[in-house]
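Heads up: the structure comes next, in structure tokens.
Just so it is clear, none of the values below were taken in a lab; they were calculated from the coordinates. All of these numbers come straight from a predicted model, not from anything done at the bench. Here the Cβ positions follow ideal geometry from the backbone for every residue, glycine too, while neighbour counts run over all protein chains shown.
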Ligand code: COI
């Protein structure tokens, strides 16, 4: 609503160059990343997710939880209350971040991220335990991975302490959006990007670290085991070390769309990519690492510069080793995969999921699925630790509240 030179947007009021949000006032200059208005083009969760209040606002019935249908969660954006923002100039260190209401951000059209893809993202989850506490899972690992990616992309990165504290702040500020125990998790998405304006090809003059979050349920629309298609014409990452396939650069993700869009249109759940050098070895799926199981042996492609060093991947290797399996990180040929008993994928978003079939050049191979499989045993163990139902003997979980 416009009134004179003031504009109300939800609970916020813009007056000239200043905006009131709750009890705080932001000026446009202080907050170039302030909320503008919510885009009509955002892919958001369907309206059916909104609860009785219809807008995600607190229900009088339970002020500890947002009023949404927790049973309807998928993996689409449900806007929460706050996001975290921290900026620094090129050549300097991040120092002080702040929480601001969740909303759109303002960027120069010549920002480094928009023109040259200078950006990274991370993903981690917060789970609610049976007694209502909130746990993070290995957040310092995300921080270290962001630092590795930032070094490769010539960006400053937050320290481990800054990263983990910012994640804790965002979870506490959005606590009512952490799903009840057993209903899903709060997916936390840290971004690091060149937001300074430039024209020539060079590192941006300014960087922004943002964290936003959304409650999520399962990643894949198909509930249950997945059906993969091997992509043998398009590649996800250039081969060998030196590329950027092994970091979480934003530029690694859109290039999979043509293969995944076609595969999904043909009824597949996801695409499995091969190595660009020989086309003979499996690499990873569009959003997850892949493991093959034969008897007591488990293999997954080694981290060689093209494979994302997944935190779930690393955790599953430890859990499976502790269970007595022989876990090998090495090249895995397509033939070896087609001969496996079981195949599964891992990732923060997908957790651990069984693969029911893989189609390679028109031939479909089926794999063991069901509650007795190793992948389901590993999934249960991992989720048990993440949700506080199984003792965390490795110090992986971090209590937030
Ligand atoms: C994650 O698993 O957290 C990821 O970052 C993958 C993303 C494509 C959803």
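Side notes on the structure shown:
- Each DSSP beta bridge with both residues in the chain is either parallel or antiparallel, and the antiparallel ones are about 85%.
- Scaling against 2.2 N^0.38 Å puts the C-alpha radius of gyration of the chain at 1.02.
- For the chain, the longest principal axis of the alpha carbon atoms and the long axis of helix 374-386 meet at an angle near 30°.
- From least to most packed, judged by other beta carbons within 10 angstrom and beginning with the fewest, 364, 138 follow the order 364, 138.
- Pairwise centroid distance, computed over Cα atoms, of region 180-227 with region 60-125, Å: 8
- The calculated FRET efficiency for the pair residue 104 and residue 63, based on their C-beta separation and a Förster distance of 22 Å, comes to about 0.20.
- Computed E for residue 277/residue 361 - FRET, C-beta separation, R0 22 angstrom, nearest 0.05: 0.70
- One compactness figure for region 72-216 is 1.07, namely its Cα radius of gyration divided by 2.2 N^0.38 Å.
- Added length on full extension, which subtracts the Cα-Cα distance from 0.36 nm per residue, residue 266 to residue 314: 14.1 nm
- A compact globular protein would have a Cα radius of gyration near 2.2 N^0.38 Å; the ratio found for region 280-319 is 1.14.
- Angle between the chain longest axis and helix 311-322 axis [Cα atoms, degrees, rounded to 10]: 40
- Here the extension length gained between residue 144 and residue 201 equals 17.9 nm, from 0.36 nm per residue of separation less the Cα-Cα distance.
- Seen against the Cα atoms of the chain and their longest principal axis, helix 160-173 is set at about 70 degrees.
- Protection proxy ranking of 104-110, 372-378 - average other beta-carbon atoms within 10 Å, highest first: 372-378, 104-110
- Annotation: for a label point projected 7 angstrom from Cα along Cα→Cβ of residue 218, residues of region 238-273 with backbone N closer than 14 Å are 269-270.
- Percent antiparallel among DSSP beta bridges (both partners in region 219-374, rounded to 5): 60
- Two-site FRET efficiency, residue 328 against residue 95, from Cβ-Cβ distance with R₀ of 60 Å, rounded to 0.05: 0.85
- Segments 341-348, 252-259, 313-320 sorted - mean Cβ within 10 Å per residue, highest first: 341-348, 313-320, 252-259
- The mean of 1/r over all pairs of different alpha-carbon atoms in region 226-386, once inverted, gives a Kirkwood hydrodynamic radius of 15.6 Å.
- Per-residue ellipticity at 222 nm, computed for the chain from helices alone with -39500 (n - 2.57) per DSSP H run of at least four residues, works out to -5500 deg cm²/dmol.
- Three semi-axes of the equivalent ellipsoid, region 294-401, Cα gyration tensor, whole Å, largest first: 26, 16, 13
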